[in-house]
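> Below are the structure tokens for one structure; questions will follow.
The values are calculated or read from the model by the stated rules, or taken from the named source; none is laboratory data. Keep in mind it's a predicted model, so treat the numbers as computed, not measured. A quick note on method: Cβ atoms are made from the backbone with ideal geometry, for glycine too, and the neighbour counts reach across all protein chains shown.
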Amino acid sequence: MEPIAQEIFDLVKVKLREQGAYDFDAYKQVVSETIDYYHERGYLTDDDNDQFIEDQLLGMWDWLQEHIEDQA
């Protein structure tokens, strides 16, 4: 996973725990919001491949589902 994608993933995990949201739709929404946040802050630019980053993050759902339940 790219370093920026890992950074976004870490923030997504925090947001999910804070919201108590543990389904795929909530995960997908938080991923999208977090990517937007990174754009607003200038951490991502139009030159970055948002779709690739989002695909990487969405591909982590199965792993996250197993591990976040252990921590919930």
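> For region 7-20, give me the residue count where each residue is surrounded by fewer than 13 Cβ atoms within 10 Å (Cβ to Cβ) and assigned to a helix (DSSP H, G or I). Show your work before the answer.
Within region 7-20, the subset surrounded by fewer than 13 Cβ atoms within 10 Å (Cβ to Cβ) is 10, 14, 18-20.
From what's left, assigned to a helix (DSSP H, G or I): 10, 14, 18-19.
Of the residues in region 7-20, 4 are surrounded by fewer than 13 Cβ atoms within 10 Å (Cβ to Cβ) and assigned to a helix (DSSP H, G or I).
> Taking the criterion of being in contact (Cβ under 8 Å) with a residue 12 or more places away in the chain and under 17 Å from residue 68 (Cα atoms), would at least one residue in region 29-37 satisfy it?
For region 29-37, residues in contact (Cβ under 8 Å) with a residue 12 or more places away in the chain and under 17 Å from residue 68 (Cα atoms): present.
> Another question about this same structure. Filtering region 21-56 down to residues that are of a type in the set (Phe, Trp, Tyr) and not in a helix (DSSP H, G or I), which residue is farthest from the chain's Cα centre (by Cα)?
Taking region 21-56 and keeping what is of a type in the set (Phe, Trp, Tyr), we get 22, 24, 27, 37-38, 43, 52.
If we keep only those that are not in a helix (DSSP H, G or I) too, we end up with 22, 43.
Values: 22: 13, 43: 14 Å.
This residue is 43.
> Do we have any residue at all in region 13-21 that's touching a helix residue (DSSP H, G or I) at 6+ places or on another chain (Cβ under 7 Å), at pLDDT 95 or above, within 21 Å of residue 68 (Cα to Cα) and not hydroxyl-bearing (Ser, Thr, Tyr)?
Within region 13-21, none of the residues are touching a helix residue (DSSP H, G or I) at 6+ places or on another chain (Cβ under 7 Å), at pLDDT 95 or above, within 21 Å of residue 68 (Cα to Cα) and not hydroxyl-bearing (Ser, Thr, Tyr).
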